Amino acid sequence: MCEQSGVPVSDDEFHCKGSFKMMHKGSPDDVDISAVKAFAKMITGSG
């Protein structure tokens, strides 16, 4: 729908586990935060 309207859409994606009750406790951690920062720079072309 976006592409049909002329809005470019990237195939790149980022996934990070988040804590939920007892699962993945401590997530996101410092490594996850660094990874999302790097992804944001890459996807916006500002890095």
Can residue 32 be described as outside any loop (DSSP other than H, G, I, E, B) and at pLDDT 90 or above?
yes
Give me a count of the residues in segment 35-47 that are assigned to a loop (DSSP other than H, G, I, E, B) and surrounded by 10 or more Cβ atoms within 10 Å (Cβ to Cβ).
1
Assess whether residue 27 counts as being in a helix (DSSP H, G or I), on the phi < 0 side of the Ramachandran plot and surrounded by 10 or more Cβ atoms within 10 Å (Cβ to Cβ).
no
Quick one: what pairs do we get from segment 1-29, first residue without any contact (Cβ under 8 Å) to a residue 12 or more places away in the chain, second surrounded by 10 or more Cβ atoms within 10 Å (Cβ to Cβ) and among the hydrophobic types (A, V, I, L, M, F, W, C), C-beta under 8 Å, 6+ apart or different chains?
27/16
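The values are calculated or read from the model by the stated rules, or taken from the named source; none is laboratory data. Keep in mind it's a predicted model, so treat the numbers as computed, not measured. Here Cβ is always computed from backbone atoms with ideal geometry, including for glycine, and neighbour counts include all displayed protein chains.
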